[in-house]
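Trainee: One structure is given below, represented as structure tokens, and several questions about it will come after.
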Amino acid sequence: MSNTELHHLGVAELATQLRNKQVSAVEAAQHFLARAKQHQNLGAFVSLNEDATLAQAKAADALIAAGKGGKLAGVPIAHKDIFVTKDFPTTAASKMLEGYRSPFDATVVTKLADAGVVTLGKLNCDEFAMGGANENSAIAPVGFDAAQPVRNPWNTERVPGGSSGGSAAAVAAGLAPAVTGTDTGGSIRQPASFCGITGIKPTYGRASRYGMIAFASSLDQAGPMARSAEDCALLLSEMCGPDLDRDSTSLDHPAEDFSAKLNDSIEGLRIGVPAEFFGEGLSADVRAAVDAALKEYEKLGAKLVPVTLPRTELSVPVYYILAPAEASSNLSRFDGVKFGHRAKDYADLNDMYKQTRAQGFGDEVKRRIMIGAYVLSEGYYDAYYLQAQKIRRMIADDFQAAFKDCDVIAGPAAPTTAWAIGAKADPVSNYLADIYTLPASLAGLPGLSLPAGFGEGHMPVGLQLIGNYFGEAKLLNAAHRFQQATDFHLQRPAGI
Ligand code: GLN
């Protein structure tokens, strides 16, 4: 195997080659580091630390030589810059944390390291994961002097989706075989859809949030992004599991081998198709690709069942009340005292807080803090926050009613393919584009996006699969069977 082809391998194949010593972990790491630099115009990476990466790779090679390497020994991956890491700076793409170095690794980072992965670097994202286009990063990516939007490898004039846009772009461009992302309201599924890769957000609470910089704690979940469901299963199996001492919302549910059931037959699988996911606002090209994907599922033996999720539309206002409410509380810790940025000139303590936060936070983050503080304020709490909580419960109940008639739910991950950079300057138009990912987030359900074809301008379209609680294995199985029958996930952007 020549090194030039390493980036065409999936995680499973690469892990096998590493184990068989056809390639060393150091060679693999060097290859991907070189690619990260070669394609730095995408703005996918915000930090690299070659010495740390190569030290990890050497250690992986030693373990492999001793026959002791973990399942993913030597596999290079990169982390969204929302996970704290000892060996790399952690910024959450915010000036507030520029130069911050965590004294510990996030649980997800530790678990993957225990399985043997080598960390290539940290990936760009929207500031504090707030966004759906990765145009809100406030940190200069590797190779740039100033903050840039991340570019979609399929068309560099388009957004990669967000907030895990650097993660999705890196996989689509072959800068890493797999990466981590986080999903609060769609940030794994929507960028996976925009960049033609596979990504899964597990059931809320299955992956530890310890060391994941908090945006909206009742929604935030970590998950893997890779080319295929098979590769996602390998990473997700290592990422999940109870972390009860460190994350109070971690579920006491055992880790699972998500690769075990990938090949199960999907004959008779009941796929619920919610009418509300195919209404006004869904663009014709996305609809055509999703319809064709559902037909493919029928060919594979699945049955399509009409279901209804009547409060789908309400998920947008509900999410954009609850997520900012939680964000305004979570972000109060960034006050110039404990972490990162502190204003240089200030009159007194209050002024120090004010100056620090005015300088450290970007516009979208400030907007969310203001919305959050407003909906939590006395007099508005009942009208907004409490109402939103009640509707959130109803949205979860709607899913349970739908799951009486089906095993998984399918629909588009996003109403359109990736839009042009700068095209959605108005924040509300960004928020509305989250309509299909928000319901599963609010209900805490697992959701996956897989490549389902191409739309206008040959931009990728993602099919979203939503499962019931702890239904990750079923989602990965359904996605894997689809990927064995199609080759959308194997197609690559031109020139990369
Ligand atoms: N686009 C959504 C938002 O802006 C979701 C972000 C996320 O999942 N982190 O809040």
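The values are calculated or read from the model by the stated rules, or taken from the named source; none is laboratory data. Remember, it's a predicted structure, so these values are computed and weren't measured experimentally. Positions of Cβ are backbone-derived with ideal geometry, glycine not excepted, and every protein chain shown enters the neighbour counts. Side chains included, ligands, DNA and RNA excluded: accessible areas come from the protein's heavy atoms. Shrake-Rupley method; radii C 1.70, N 1.55, O 1.52, S 1.80 Å.
Trainee: Being more than 16 Å from the ligand (Cβ to nearest atom) and among the polar types (S, T, N, Q) is the filter here; which residues of the stretch 101-151 pass it?
Mentor: Matches in the stretch 101-151: Ser102, Thr107, Thr110, Thr119, Gln148.
Trainee: Another question, then. Against the definition (of a type outside the set (A, V, I, L, M, F, W, C), open to solvent by less than 60 Å² (accessible area, probe 1.4 Å), within 16 Å of the ligand (Cβ to nearest atom) and in contact with a Phe, Trp or Tyr (Cβ under 9 Å, 6 or more places away or on another chain)), how does Arg357 come out, yes or no? It would help to see each step written out before you state the result.
Mentor: Details: of a type outside the set (A, V, I, L, M, F, W, C): yes; open to solvent by less than 60 Å² (accessible area, probe 1.4 Å): yes; within 16 Å of the ligand (Cβ to nearest atom): no; in contact with a Phe, Trp or Tyr (Cβ under 9 Å, 6 or more places away or on another chain): yes.
Judged against the criteria, Arg357 is not a match.
Trainee: Quick check on my filter: what residues within the stretch 131-159 are out of contact with any strand residue (DSSP E or B) (no Cβ under 7 Å at 6 or more places or on another chain) and not in a loop (DSSP other than H, G, I, E, B)? Outline the logic, then answer.
Mentor: Quick first cut of the stretch 131-159, residues out of contact with any strand residue (DSSP E or B) (no Cβ under 7 Å at 6 or more places or on another chain) only: 131-138, 140, 143-151, 153, 155-156.
Of everything in the stretch 131-159, just one residue is out of contact with any strand residue (DSSP E or B) (no Cβ under 7 Å at 6 or more places or on another chain) and not in a loop (DSSP other than H, G, I, E, B), namely Asn155.
Trainee: Which number in (1) within 16 Å of the ligand (Cβ to nearest atom); (2) in contact (Cβ under 8 Å) with a residue 60 or more places away in the chain; (3) small (Gly, Ala, Ser) marks the one condition that Ala478 misses?
Mentor: (1)
Yes/no per residue for (1) open to solvent by less than 10 Å² (accessible area, probe 1.4 Å); (2) part of a helix (DSSP H, G or I):
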position	(1), (2)
Gly70	no, no
Gly74	yes, no
Ala78	yes, no
Asp87	no, no
Met96	yes, yes
Arg101	no, no
Asp105	no, no
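Trainee: Step by step: first the residues of the stretch 113-130, then only those that are hydrophobic (A, V, I, L, M, F, W, C) and in a loop (DSSP other than H, G, I, E, B), then the one that is surrounded by the fewest Cβ atoms within 10 Å (Cβ to Cβ). Which residue is that?
Mentor: Among those that are hydrophobic (A, V, I, L, M, F, W, C) and in a loop (DSSP other than H, G, I, E, B), it is Ala115.
Trainee: Consider Gln17 carefully, then state whether it is within 20 Å of Ala173 (Cβ to Cβ) and either modelled with pLDDT of 95 or more or buried (at least 24 other Cβ atoms within 10 Å of the Cβ) (or both). Break it down stepwise before answering.
Mentor: On the way: within 20 Å of Ala173 (Cβ to Cβ): no; either modelled with pLDDT of 95 or more or buried (at least 24 other Cβ atoms within 10 Å of the Cβ) (or both): yes.
So Gln17 fails the test.
Trainee: Then there's this: Quick check, is Lys344 open to solvent by 20 Å² or more (accessible area, probe 1.4 Å) and touching a strand residue (DSSP E or B) at 6+ places or on another chain (Cβ under 6 Å)?
Mentor: Values: open to solvent by 20 Å² or more (accessible area, probe 1.4 Å): yes; touching a strand residue (DSSP E or B) at 6+ places or on another chain (Cβ under 6 Å): no.
No: the conditions fail for Lys344.
Trainee: Oh, and also: Identify the single condition in (1) closer than 25 Å to Ser137 by Cα; (2) touching a residue at least 40 places away in the same chain (Cβ under 8 Å); (3) within 16 Å of the ligand (Cβ to nearest atom) that Lys366 does not satisfy, given that it satisfies every other one.
Mentor: Only one criterion is unmet by Lys366, namely (2).
Trainee: May I pose another question? Could you tell me whether any residue of the stretch 97-105 is within 17 Å of the chain's Cα centre (by Cα) and closer than 13 Å to Thr180 by Cβ? Steps first, answer last, please.
Mentor: Here is the first cut: in the stretch 97-105, the residues within 17 Å of the chain's Cα centre (by Cα) are none.
Within the stretch 97-105, not a single residue is within 17 Å of the chain's Cα centre (by Cα) and closer than 13 Å to Thr180 by Cβ.
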